[in-house]
Structure formats: C-alpha cells, structure tokens
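Heads up: the structure comes next, in structure tokens.
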C-alpha cells in the first residue's frame, strides 16, 4: 500500500471520513475478532481474547478481595422461570434463542430435521437472575447465610436484530455478579461498591475516564429498582456504557422466593443486586484509544507489551541478531509491571518491512527494531504507540530495560489524559433548547460528520420529555450523574422546573 | 447424627454399601455442586468451581508454554456444518440441543410460546471441530500460517438421557484444543504431547495414576483417525477417562476445506488434532480419593488448603483467639506452595462442635483447631485429611508454619500412592475366558458388591469379540496400552491369535 512513502493512514477510511466503517476496519486489521457464519455471533481471535483474559484477571481479583466467590449456573432457563418477574420477561423474551428439540434426525429427504420436542421450551440465558434466584432460594434460610456473594463468568445470548462486533452481538462473554443481603442498606452499598470496581477497571486499566451515575426509569435494567452506570465518551462523541450495577430491591427475591429468618426469627425477603461487564468493553477500548493507524492498547490491559523485530538482511546477521533479540526478550520478561510480567513478542517472520505496520495496527504499546547497526552500538530502535509511527528513537539497550516500566506507565497516562481531554472538550452545559438541538444535529445530514458530545442539561423528570428528545434527535439521558450539584433550572424540552442537570448524549 | 460418639461415618451409605449413592451424597455433603431445575444441567457451587479454576490455571499454563493461544468461537453451530463430516454428525446429532426460534411471544392463552422461526436450526455446540474448522479454513493459506495452535475454554451441551452430576451432564465445562499442521508427523506429535499434558495434570496435580493408551475403532471420537486416552481406576474398580486427544488426520480438513500452499507451492490439506478435558475430572477426583467421611482433596488442586477453626467458649476468649487466628492465617498465606499461595479459610461460625466434620466432608487437606489452651502453649491442634478424623496432634505454632508445605506434599503423595496401590491390587493378567467372566461378575447380582477391575487380556482385534463381551458383561476395551509389550496369546473371547494385551473394564 506504499504507506512508507505517502502520508497515508494504515486504516481506510479514517475516523473523520467514516467512523463506523473505521471501527470495523480496525477490528479486522488488529485481528481482534471476526464475524462468524452464525448470525450475530463473533469469533474472538487470540489477540482479542487476551484482552478479555486480562480484564477477567483484574476483575476477578477485585471481586475475590471483597469476598465474592465464583460459581456456575445452567446455560438454559426454563420458560416458566423467565415468566416469574413481569418486567424482566418483557425485557428479555423478545430477543432470545429458544431451544425446542433435543435431537436431529433424518427427514424424508435425507436432511436432518429437529426431533424430540421438549415439553417446555428452554431459553439460552440472556442474563441469569431467575436461574440463580432458584439456587439462592435453596441456599438462603437464615440471616447467617447472608450476605451471599456470587459471580459467574459465562456466555449469554440476546438475539439482536442489528449486530456490531463487540458492541452488540447475539452471543457475548461477560461476568454477572449476584448477591443477596439481609438489609436494603447493605444491598445498596454492594451495588455501589461494584460500580466502583468497574470504575477502577475502566480508569486505571482501560485508561477510559468514566462518569458514574444512575439510569432513568426508561433505561433501567428490566426488573431493577435502581440501575447505576458508568458512561464513557467515544471518539465520535457518542456515549458507551462501561459497566452497570443494579439494585434489585426485593423484586427478584419475591419472584424466586429468596427468604431468610432474621435474628428476631421473622421471615423476610432478601435484598438482591446484580452487576456485569461484557466483551463490549473491548469495543470501548477500540473506540476510546484507536487512531487512523489502528488499535492502540493501554499497557495495563494490553494483550502483549513489547514486540521485538529482528532485522536480518544478510544470512550472516541472523545468528547475532537473533541471539541479541532473545537475550533482550529474557531481560524484559523478568521485569514486573503492576502484578503482571512484561509480555514480549518476537516477530521473526521473513516478510521484509511490513512487520512494523502490522504491530502498529495491532496496537502493541512498544515496538523495538533490532538490526546489526543497533547491536554494534548496543542499542535498540524504539517506537511507542502513543506517538507517531515514524517518531522512533535509538535507546541504549540497558537503559531501555531499566526504563521500560516507566515508558509503559507514561503511555498509559498519555492515553487516559488524551481521552479525558476529548471528553472535557466535548462536554457542554446547555441551557437553551435551540443550542441543544444544534449541538446534536449534524451540519450535513447526508453524510453526518462527527458531532455532539455530552450535554449537561436540565430535565424535569418526565418520561415524555425524554421520549420527545429521543424521537427528535436519537439522544437519550445517559445518566443522572452521582456527583452533580443540586441546581435549579428549566427542563431543556418542556421548560418546567428542574433541580438537577443530567447527561444527554447519543449512545451505543 | 451423633458422629462424635459412635463409630459412624459422615457419609451414609458407605462406599461398600452403595457406591453410586455414596457418590451423590459426597457431592452434596461437600457442597461441590447440585442438580438444577433444568434437566441434566448442574449448578457448580463455589467449592466445586474453585477446583475447576485450579485445573484451568494449571492446564492453561501448560498449553501456553507449548505455544497454544486461547480464542473463542460461537456457541451455536449451523446444522449444515455438523453435516459436513459423516461420522461426526452420526456421533453427535442424536443428542443435542436444537435452537429453532429467536423469540417468545404471548400465545392465545396468554402463555409465552416460541416465535420467530429460524431459517436454519442451530445446534448448541457438543464440540467445536466444525465451527472452528470454518475459521481455520480462513486463517490458513500458506505453510507459513502453520502450525495453528488454538484452545477454547467453554461450555458444551450433549443431551444425555441418563445424567449423573459431573460424570455425565447435559451441559458441562471443558477446554477443547484444536490444531492444524503441515505434516502428519507433526500433528501426531502434538496429539501425543497434549496427552502427556493431561497425564501430568492427572498424576502430579489430581494425584490420579493413569494408563496411556489408544482407543479401539468402536470407542473412537466420531470422525477421528486415532483417539488416545488416559484411563484411571475409580474405587469401585471401574475405569474413568481423564483426558482424550484425537489425531483427526485430514478428515476435518477436507470437511472444512483447511488447505495450505506448501513451500513447494502445492496445495495440500492440513492435518488436524483436537483434545479436551472437562468438569468430569471433578468426578474423577471424588471417586479416586473420597472416603466414607466425604471428599478428600489433593492439595495441589484443592479449593483451599487449610481451615483455621477458632474455639471460643467464653466471651473473654474471643479477642485473643481471633487475634492468634488471623496472625496465623497471615503467616500461612505468605508461604508459596508450588506456584500458588497457601489458601486459608477461617471458620468463625458460632455453631459449636460441627465445624470440624463440615470441613472433613469438604475434603480440605488440613484442619487446625485454635483454643485458649493451644494459645497458652503457642501451639495448634492439627488434623490431616489423609488420616483418620480423630488422629489429630498438637504442633508448636512456628513448626507448623515451617512445615506446612512439607505436610501438604506428604498428603499429596499419600493420596497418589493409595490410588496407585488400589489400581495395582485390582489389575490382573487374565488368560482364560472363565476367569475373565468370573472377574467381571458380581457374586450377588441382586445387590452387586464392588468387583472387577482392570483385566489385561488378549484380544484378536475384531469388533465382534468386543461387542460380545460388552453385551455379556458390560465390559469394554478401555484402551490398547501405549507401553505394552508385544506378546502372543489367544483372544479372551474367541481364542484366535492375538499379539497384544488390552485393558478391559467396566467404565463410566
């Protein structure tokens, strides 16, 4: 593609040319994942799955430190279980995979057809409140059994009509935490504690700044009393949820009969919570940090940290270059980086000059070229993914080894700062309806450019105003921010009195 | 249950009274898992799931060290994919969960009924050769893309008619490795290498001695050229498979069009392998080590290593006993045990004397009682799960901390040795048909006692003889052992010439 000569980007189109298509091309070029032959289901390739493994490792440790234990519940949910909670079934029955048979057998034309019809259809879990509730009702009988703190890492299925890799797929991987408590206060505390864990994951590991807040009635988890959320701004100014935590009150405890005998020997319903994040977070990483040359991975969660690229032009160079490379890899791998070892790739493919660009597209934080000239100087030629692809510098080998952790920390900080700046530059306090509509309207509706952002505007609290704005602009209330000051004002839609600003945005 | 006074066991019935029922009772008493409301699907409780997490951690490291990378493929397999390999579809179509609809909607009676029929039914993966083959065919084009070494940790579903917790469940968790190679030799080498990894897991971690061997035609994985297996003897003398590795030849490469251009620019089909172990291994742990007081966990894979049980009879004891307990826990947790930290439980439930028995039933390797008298002597009162429940001894605190790793190693070795001895004592070279039939026939057919074992007997190689023995005795050929000497003899069934002994046994 002649990238070396022209000022051209590795990804076509660029973000500003066509953001949705840029996203698809980054997923492809970085080899994170691909669509499968099964509608809406993706194949997560090793480079993408490593991200999920790292996310899982970070969260799993956080969960376990707060006393949560992992368990595993059935993939299938009997139809009657889903029906137990009215809002819940309403929210999930419309898009679910239904198992109706337990056999394939040859039909008259010799093709296989479903056979052995089940007495009761089974739904592939879209979420597990009802099936886990069934177990909880058996496990809880006394206040001594509480709190019950359980998490599950698994796959779930929601039969989405319009799918988009990582962001909205029919099958996705996630964790779902489910807890039961003796008091409302304790359940609410747990709900918010888990939101904090997700915020820590987002900000300290994924380098994604987030806003904590509460969902409005219309955006709540079906069956929940309160849904708390983290909202992040993507580079196209749209919001993406990076974690939700639900206070379920006693709704699911009633539906599943999760009851306990209190210390005063009174029978009470438990208070429950649920909370989850999914492989959607990988979409958030792509859209927060990616650039026109591909993926950009935050070191704290990167699939790998450093790639070493031996440059061998003459056969006699092979042996010294490879020896130097392997010794360097060993020295780097011995270093600790925030609880992980530094992970090092060696790319010894014999494909000429394209290696560097392959790794830029894959978003690895640090690239190192090693040729005979570098070895002669006992130095390495280093490129960082937070800088331009040609901004490379020669660094003495030993200094590089000594400063690699610092370099990764710098990259991590730069990515976070850049994302925070973007959000700050595109967050507005808006007080007039006209400004609000202008903010969210592209100048060229034929080929909409990147526009909008987070609007902090007053809202009267009515669902009608929320729906009006959604209908007019495809803009929704992302959350009622947790730390917002009370402030009187007028609803951006109807002008009625309001006591607090909320965050409006277009969203994924 | 008055266990403290009578010579009674914690599990009723005992192994010799009713082995299958003993198994169910151990699963229950140890809180490993329970049956769910979904036919054949289990709930894996935290104590059981921790075992699976430890198995996963051990294997995942082994896999990664040999260059295998994790990825994730769709849960659903289109019907036409399954149909690609004739033997394969024959083996798996008979018992599978079939998704036919993607919605539930209210029927005329107000109940939910399946709606939105799919154009093509989807099967919930019973195994993923065909769907992974689809990806491999895209990922492989040149010999440079080989070998391709992929593993997936996931759930699979096989609609079993008769289920038994951990041993045969409709849904289970497993890993499935899938590799593609340029040559037959390399693929065969990988097949055997992974069998070695499983053998290491079984022997060094699960403390289960295994026999490596090859399956006969009738017991092979549907579509494979060779299936290699590990066979272990359970305490009821039946065999249980603790890992299989399949050499698939070019069968699946042809079915899925996995082709590559060789260095000589010739188009060739790749050679593929697949290999897996599942949550069935937890059943193997239970049945290899469990005793009439419950589960016995090998320390190398145990959900936790040590339980500390503070004994508080007077309120003024609480503070010093708890302080001592927490300090001891901290000191133990700082110790390394073969790449893990020592894991310590503190059981401070106020339930009187039953704590010790709860932990015996759960199989924790070491139990420590801590009361005011122990503290006065700066000692602890220690019980080991490889010894009798009352065989406890007082050990000075510091000595206990210093020798805990050694103690765990001893327990691990004792469990392995005991299991090996059982297998040796119940493995026979059998040369007459009469002896063979006697060996495998219970003395009391009304209430069959534990009988049989592994019979090393000659077999002519014919499927007819295999089927005859299976029909007569429910005994099958578990494997043709890898390390068996060539030896001439007569087939145990028909008397024809044979060149090698094989292992016959009843099996799970």
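Quick look at the values:
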item	result
Options A:193, A:152; residue that is within 26 Å of the chain's Cα centre (by Cα) and away from every other protein chain (no Cβ under 11 Å)	A:193
Those residues of segment B:128-137 which are within 25 Å of residue A:75 (Cβ to Cβ) and either facing chain A (nearest Cβ under 8 Å) or surrounded by fewer than 22 Cβ atoms within 10 Å (Cβ to Cβ) (or both), in sequence order	B:131, B:134, B:135
Residue among A:123, A:140, A:89 that alone is within 28 Å of residue A:190 (Cβ to Cβ), more than 10 Å from chain B (Cβ to nearest Cβ) and in contact with a strand residue (DSSP E or B) (Cβ under 9 Å, 6 or more places away or on another chain)	A:140
Scope segment B:72-86; condition closer than 28 Å to residue A:92 by Cα and either within 7 Å of chain A (Cβ to nearest Cβ) or out of contact with any strand residue (DSSP E or B) (no Cβ under 9 Å at 6 or more places or on another chain) (or both); matching residues	B:72, B:73, B:74, B:75, B:76, B:78, B:79
Strands (runs of 3 or more DSSP E) (entirely within segment B:1-92) containing at least 1 residues that are surrounded by fewer than 18 Cβ atoms within 10 Å (Cβ to Cβ) and not assigned by TED's automatic domain parsing to the domain that holds residue B:352	B:33-35
Qualifying residue in segment B:139-149 (condition: under 20 Å from residue A:50 (Cα atoms), part of a loop (DSSP other than H, G, I, E, B) and assigned by TED's automatic domain parsing to the domain that holds residue B:261)	yes
From the options B:61, B:5, B:54, residue that is at pLDDT below 95, farther than 16 Å from residue B:168 by Cα and more than 9 Å from chain A (Cβ to nearest Cβ)	B:5
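Residue-wise test of (1) under 15 Å from the mean Cα position of the chain (by Cα); (2) free of Cβ contacts under 8 Å to residues at least 40 places away in the same chain.
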residue: B:227; (1), (2): no, yes
residue: B:233; (1), (2): yes, no
residue: B:243; (1), (2): yes, no
residue: B:246; (1), (2): no, no
residue: B:254; (1), (2): no, yes
residue: B:266; (1), (2): no, yes
residue: B:276; (1), (2): yes, no
residue: B:281; (1), (2): yes, no
residue: B:299; (1), (2): no, no
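The values are calculated or read from the model by the stated rules, or taken from the named source; none is laboratory data. Every value quoted in this text rests on a predicted model; they were computed, and no experiment measured them. Please note: Cβ atoms are built from the backbone with ideal geometry, for glycine as well, and neighbour counts cover all protein chains shown.
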